[in-house]
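Colleague: Take this structure first; my questions come after.
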Ligand code: UTP
């Protein structure tokens, strides 16, 4: 039996915190299982759990947002939509210079559980490209690698996993030979886990010797960057600009020089891309300002009438949809992910069906929510940041996530959006491509991101290409 003094004092601290049930079956476990439970329990911050329970579970947890003074956030419109073309040119030049100077890293959050997709494995290993069925990770690797080649600089890539998928993620990169990148340019680190609790605030056991723990949300990336030493590594590498995107969105411009430039020229600590909402009640967060502070208001926190409000010209007033594409200043990450109490991201509560071990030691799989998971959201960093910059992006150039197995935001819609994008790139380069009214080409083909990372890159590469392949079904341009 694992009976060391340290173990006894750990068990005692759980008992004192009213969480002694975590060790209810300790005596029934073999030595190895006991050691595993002790190790897992020792990662838990009991005072954090106590305040989460107080605030979100047993307290009144009235988190209704005060809507007083809420306005749509200003943003830099695309030149095609009335934005200042000279300003975009200047941003492009500034961003390109920062990239050439090696100041920029890519950053992917890939610690989620991807339950909606229902795929057995890290989501980044899901195949998504229309012809060669490249995985999400390979697509990002190729875009990052191509951008590095284009700007003649190293672009390190930081990838946040969680304990649940870390090993499988690293194994996929090993197996894929880092998809053409240098192994030393890819940096993995794991995010934190938080225990799930029942409606009395008691930490749940997933097994007799295992606590039910879940990743602390994409907002957990800030503290994970600091705690894992990733941010110190960035400092060592001379990186101060961090291009953030999520693992489920292969359309994203992983490295967008104009976005980098707006961030730098605006002296911004946290920049964001917005896309105009597809329709008034689209289920996205809204970029807003309130008393001079920028924030993202979730659709669930904004009354429908407000989401549907129109301006004098008839356009949707709260039009800025958040698509989880950001740029972080490294110094800001150091502060917001550190211990500064005034810069802490809040946790949110999510009610879930959490399988658990009951007092009799039986495993129960509930058919209704029985407990609470806690998560931080990355966009909650916005009110904490100085000089936040928001720029407009065209949805078709930046956002088509794979969230669900079928229907909206599914592998099918994402493959079609990639095809539309490839067709647009070819048309922009002067080729004719037969498409339907939605821009979907009549044949299936693919442009490898080793060839071009974005449309401007494609036009340059294509026009420099001597022997151009004829467009045909199944063609892979690489
Ligand atoms: P989602 O909100 O879509 O969550 O994550 P998810 O866990 O991937 O999927 P579902 O809800 O279970 O179906 C958006 C992005 O944030 C990352 C995900 O990996 C994805 O890139 N994420 C989410 C984390 O890195 N950690 C988390 O704790 C949660």
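Every number here is computed from the coordinates shown, using simple stated rules; none is lab data. Computed from a predicted model, the values in this text were never measured in an experiment. Here the Cβ positions follow ideal geometry from the backbone for every residue, glycine too, while neighbour counts run over all protein chains shown.
Colleague: What is the Cα coordinate range of the chain on the first, second and third principal axes, sorted by size from largest, in whole angstrom?
Modeller: Per principal axis, max minus min of the Cα coordinates gives 73, 53, 45 Å.
Colleague: Stretched out fully, how many nm does the piece from residue 71 to residue 396 gain, at 0.36 nm a residue minus the Cα gap?
Modeller: Answer, rounded to one decimal: 114.4 nm.
Colleague: How are the Cα pair distances of segment 182-251 distributed, in percent, across 10 Å bins from 0?
Modeller: 15, 36, 28, 16, 5
Colleague: Among 199, 244, 119, what is the fewest-to-most ranking by other Cβ atoms within 10 Å?
Modeller: Going from least to most buried by this count: 199, 119, 244.
Colleague: While we're looking at this one, here's another question. Over what distance in Å are the Cα centres of segment 224-269 and segment 159-176 separated?
Modeller: 20
Colleague: Then there's this: Computed FRET efficiency, Cβ-Cβ of residue 163 and residue 387, R0 22 Å: what is it to the nearest 0.05?
Modeller: Efficiency for this residue pair is about 0.05.
Colleague: Now a separate question. Taking every DSSP beta bridge with both residues inside the chain, roughly what % is antiparallel (nearest 5)?
Modeller: 65
Colleague: Taking the alpha-carbon centroid of each part, what is the distance from segment 1-72 to segment 397-456 in angstrom?
Modeller: Distance between centres, Cα-based: 46 Å.
Colleague: Mind giving me the nanometre distance, one decimal, between the label points for residue 5 and residue 365, set 7 Å out from Cα along Cα→Cβ?
Modeller: About 4.6 nm, to one decimal.
Colleague: Calculate log10 I(q)/I(0) of segment 29-147 for q = 0.12, 0.17, 0.22 Å⁻¹, where I(q) comes from the Debye formula with a single equal point scatterer on each Cα and nothing for solvent.
Modeller: The calculated log intensity ratios at q = 0.12, 0.17, 0.22 Å⁻¹ are -1.04, -1.11, -1.16.
Colleague: Could I ask something else about it? Apply 1/(1 + (r/R0)^6) to the Cβ-Cβ distance of residue 90 and residue 237, taking R0 = 22 Å, and write down the FRET efficiency to the nearest 0.05.
Modeller: Once the sixth-power term is evaluated, E becomes 0.25.
Colleague: Output the 0 to 90 degree angle, nearest 10, between the alpha-carbon long axis of helix 136-151 and the longest principal axis computed from the alpha carbons of the chain.
Modeller: Rounded to the nearest ten degrees, it is 50.
Colleague: Another question, then. May I ask what percent, to the nearest 5, of DSSP beta bridges between residues of segment 75-191 are antiparallel?
Modeller: 10
Colleague: Something else now. How big is Rg to Rh over segment 90-209, alpha-carbon atoms, Rh as the Kirkwood inverse-mean-distance radius?
Modeller: 1.09
Colleague: For segment 41-191, what does the relative contact order come out to in percent, with C-alpha contacts under 8 Å and a separation of six or more?
Modeller: 21
Colleague: Right, here's the next one. What nm distance separates the two modelled labels at residue 149 and residue 39, each placed 7 Å from Cα along Cα→Cβ?
Modeller: 4.1
Colleague: Taking 0.36 nm per residue of separation and subtracting the Cα-Cα distance, what length does fully extending residue 463 through residue 312 add?
Modeller: 49.9 nm
Colleague: Let me ask something else. Stick to the Cα atoms of segment 419-461, pair each with every other, and give me the Kirkwood hydrodynamic radius in Å at one decimal.
Modeller: Computed over segment 419-461, the radius equals 10.5 Å.
Colleague: Now for a different question. Report the relative contact order of the chain, percent, no decimals, based on alpha-carbon pairs under 8 angstrom and at least 6 residues apart.
Modeller: Result for the chain is 20 percent.
Colleague: Rounded to whole Å, give me the distance from the Cα center of segment 97-116 to that of segment 305-376.
Modeller: Cα centroid to Cα centroid, the span is 20 Å.
Colleague: Which whole-number percentage describes the relative contact order of segment 128-193, with Cα contacts under 8 Å and a sequence gap of 6 or more?
Modeller: So the answer I get is 39 percent.
Colleague: Could you work out the percent of alpha carbon pairs in segment 343-478 separated by over 24 Å, rounded to a whole number?
Modeller: More than 24 Å apart: 56 percent of the Cα pairs in segment 343-478.
Colleague: Continuing with the same structure: Efficiency by 1/(1 + (r/R0)^6): what FRET value for residue 184 and residue 343, r their Cβ-Cβ distance, R0 = 22 Å, to the nearest 0.05?
Modeller: With a Förster radius of 22 Å, E is 0.10.
Colleague: How compact is segment 238-321 by the rule of thumb for globular proteins, expressed as Cα Rg over 2.2 N^0.38 Å?
Modeller: Normalised Rg, Cα atoms only: 1.27.
Colleague: A further question on this structure: Give the peptides 135-143, 386-394 in descending order of average Cβ contacts within 10 Å, highest first.
Modeller: 135-143, 386-394
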